[in-house]
Each structure stands twice: as C-alpha cells, then as structure tokens.
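Below is one structure, written out as structure tokens; the observations come after it.
The values are calculated or read from the model by the stated rules, or taken from the named source; none is laboratory data. This one's a predicted model, so the numbers in the text were calculated from it and none came from an experiment. Positions of Cβ are generated from backbone atoms using ideal geometry, with glycine treated the same way; all protein chains shown enter the neighbour counts. Surface areas here come from the heavy atoms of the whole protein model, side chains and all, with no ligands, DNA or RNA. Shrake-Rupley method; radii C 1.70, N 1.55, O 1.52, S 1.80 Å.
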Amino acid sequence: MTKPDIRDFTRQELAGAIAALGEKASKVDRVFNCLHKKGVATFEAMSGVQPELVKKLAGKYSIAAFPKVEKTVSKIDGTVKVLITFPDGAVSECVILFNKATVTACVSSQSGCACGCSFCATGALGLHRDLKPSEIIAQFVVCRREAGKPVDNVVFMGMGEPFMNWANVRKAILILSDNKGHNFPQSGITVSTVGVAPVIRELADSHMGIRLAVSLITADEAHRAELTPMNKKYGLAQVVEAARYYAEKTKKSVFFEYILFDGVNDRPEDAQKLLALIKGVNCKVNLIRYNPGALASAYTPTSVEKAKAFQAIMVEAGIRTHLRREKGADIAAACGQLAAARKIV
Ligand code: SF4
C-alpha cells in the first residue's frame, strides 16, 4: 500500500499525526518548516528534527518525488507555461504571468476537468484526477523558481474546477499561507469557479481570507446553458445569489468574469443585461475576449473596439470593469487554452 504523502497535511493535521506516533505535537513546527519552507526532498534531510521522530515519520509516510517540469516561454510577452508531470503520469499546467511590477502564478486544481465547458480546451480533455495539496503547492514552488523572483498572486484559474476539488484546494491554501511554511498571504490568492453555488456559500461562511472569482461567462441563461453544463445544476440566478451572499458576508468584492463572444454577447443590450444581473452586488467585472485557441468553435473573438465599448458601458454604470489583456496566446497559455499538450488520455 502506498504511504500517504506527509506534505498533504496541514500543520494541524501534522500535529495530530505526530501525536499519534507517541511524540509531542509541539514538534510539529520544526517538521512543517522542513517540509514546506526548506522544501526537503527526503526525511533524512530534515535538519533539527530528532532522528527517532524522523524514523517514525518515514515508516508511516512518504515524500513523493518532485514532478517533472517542461517549460515554454511566450515570444510575445514572456509568459511562461509549465507542463508538470507527476510521478504517476498525471499532468497539469501552470502559467507564470508577468505584469508591470508583479508576478502571478496561475495554478491548476485538477488534472483535466469534468465540467466540459465547450469554450475551454481543458474541458475537452475530461477529468483525469484531482490534484493533491502537495501537487498544487509544487506548482507554486515551480512558478516561484522559474520566475526567479517572489510570486505576488496565486490564482486558481488553470486546469480544473477548484470547487470540485475543494477539500484539497482548501488544504493547499492553508498550507501555503501557514506562517511556519511559505507564509503566502491569503489575500493574494484568488479561487475562480464556474459557479458551484453551495461551495461559494461555504467559502463565505469560512474564515478564509482569499478572494473569489465567478465565471458568469455570459448573462443570458440559454447562452450559458449552451456553454457550460454546470448551468443545469446551478443557474445564473442561483450563482449570482451565492456571490451576493459571499460579498455581503465577507465584505469583499467578487470578481465576475465575462467572456466576450463576437456578435453574441458583446452588444450594448448585452452589457445592460449583465448590469441587471449583478445589480447591487459588491463586485468588479473582468472582461475576457474569447480565445478559441486550437478548439473548433462556432464562436469568434470580439474585437478590441467592441470590448472597449462594452467596458465603457459598464464603467459608466459605476461598475469597476477591467478588460483583460491576453497573455501567452502563442504558447496556448491564455484563458481556456490549457490542454496539457493533449497528454491526458
Ligand atoms: S472553464 Fe474551468 S470549469 Fe469549465 S471546463 Fe474549463 S477548467 Fe473546467
């Protein structure tokens, strides 16, 4: 039987595991620090931990080998896409985005995705498996190393629907933000969902300080149902109500993501429809011009001019609206393009 990877434990869980081995739970900080701050690759490399405890931990737990990493760099804007292959052959991708003064790591929560959104290359792959907390954190570590400088933001906008693997994503966030480990602020972490309404509410009721992005995709129910099967489970009204609940409970803005499809949902009347839908919610809107990548699609991208006109209507109505600049399109690293080089079978 495979031993559990010790890096999948939050510090609290690790303290419980140490106590279960007959050792003092207070030894947890040193062990956690070795695993996550020092990033040891073996139990033997744990410095400052009593050999007896190291032996007990090694007898019960494992530390999986670091994943294989293949990097592609955009010639247009320097965006870096990293294909990660885990020891069991599962793959995921993460992307390093360089803005003026900040570095953003866009990480995956799953290898593939079961949601099947028709505009997304990951959706076409299906789900291979959920990623474990340690595998999510490995992506952060890779991004930091490849960027050559500190990461300022972590966004769960890579492969997978984070709220369909929430237990592991939640643990990864707790481990990442632990002050005995990476100490990465929760305020710098954004989780994006295609609209798993019950988990949005669960997040609102938790004490986590992360930010929430909700992919509305479009403001028309029938159009959304065409684009994402998730809409059958959680319709637009239900998703927006959950987002409203989150914003009210946490006193934080929600990011609504809206994808502009040429001639379909980029007209002035569509902007009015979006405004009516999100009325009264403390939010910011991110506009994303549809990017088909290699997908065969009936849709085409909106022009920059139309996108700007749409943005102007939103801003005029008092909604903070950002038109996202496409990055990494030449290496299939832009929104909706992550397909792990089609390595999932
Ligand atoms: S858009 Fe997100 S939820 Fe939909 S298929 Fe792609 S990765 Fe999955």
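The single condition from (1) farther than 23 Å from Ser297 by Cα; (2) open to solvent by less than 50 Å² (accessible area, probe 1.4 Å) that Ser215 fails is (1).
Of all residues in the range 171-187, which are part of a helix (DSSP H, G or I) and among the polar types (S, T, N, Q)? Steps first, answer last, please.
Our first condition is that a residue be part of a helix (DSSP H, G or I); within the range 171-187, this holds for 171-177, 186-187.
Hits for the range 171-187 are Ser177, Gln186, Ser187.
Conditions tested, residue by residue: (1) touching a Leu at 6+ places or on another chain (Cβ under 7 Å); (2) within 12 Å of the ligand (Cβ to nearest atom).
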| residue | (1), (2) |
| --- | --- |
| Phe119 | yes, yes |
| Gly123 | no, yes |
| Gly126 | no, yes |
| Pro133 | no, no |
| Cys143 | no, no |
| Glu146 | no, no |
| Lys149 | no, no |
| Asp152 | no, no |
| Gly158 | yes, yes |
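Of the strands (runs of 3 or more DSSP E) entirely within the range 99-167, those holding at least 2 residues that are surrounded by fewer than 23 Cβ atoms within 10 Å (Cβ to Cβ) occupy 103-106, 127-130, 153-156. When Pro185, Pro162 are checked against the criterion of being away from the ligand (no atom under 13 Å from the Cβ) and in the same structural domain as Phe255 (by TED's automatic domain parsing), Pro185 stands alone in meeting it. Among the residues of the range 264-283, those identified as at pLDDT 95 or above and within 28 Å of Asp330 (Cβ to Cβ) are Asn265, Asp266.
Just name the residue that is most open to solvent (accessible area, probe 1.4 Å) out of those in the range 188-212 that are assigned to a loop (DSSP other than H, G, I, E, B) and more than 16 Å from the ligand (Cβ to nearest atom).
Filtering the range 188-212 down to residues assigned to a loop (DSSP other than H, G, I, E, B) leaves 194-196, 206-210.
The next check asks that each one be more than 16 Å from the ligand (Cβ to nearest atom); those that pass are 206-210.
Details: Ser206: 39, His207: 184, Met208: 21, Gly209: 24, Ile210: 1 Å².
Filtering the range 188-212 for residues that are assigned to a loop (DSSP other than H, G, I, E, B) and more than 16 Å from the ligand (Cβ to nearest atom), the one most open to solvent (accessible area, probe 1.4 Å) comes out as His207.
Residues in the range 91-104: is at least one among the charged types (D, E, K, R) and more than 21 Å from the chain's Cα centre (by Cα)? Yes, the range 91-104 contains at least one residue that is among the charged types (D, E, K, R) and more than 21 Å from the chain's Cα centre (by Cα). Applying a threshold of 7 Å to beta carbon distances and a minimum spacing of six or more residues, or different chains, the list of pairs starting in the range 99-123 at a residue that is in contact (Cβ under 8 Å) with a residue 12 or more places away in the chain and within 17 Å of Lys81 (Cα to Cα) and ending at one that is more than 8 Å from the ligand (Cβ to nearest atom) and among the hydroxyl-bearing types (Ser, Thr, Tyr) reads Ser108/Ser92; Ser111/Ser92.
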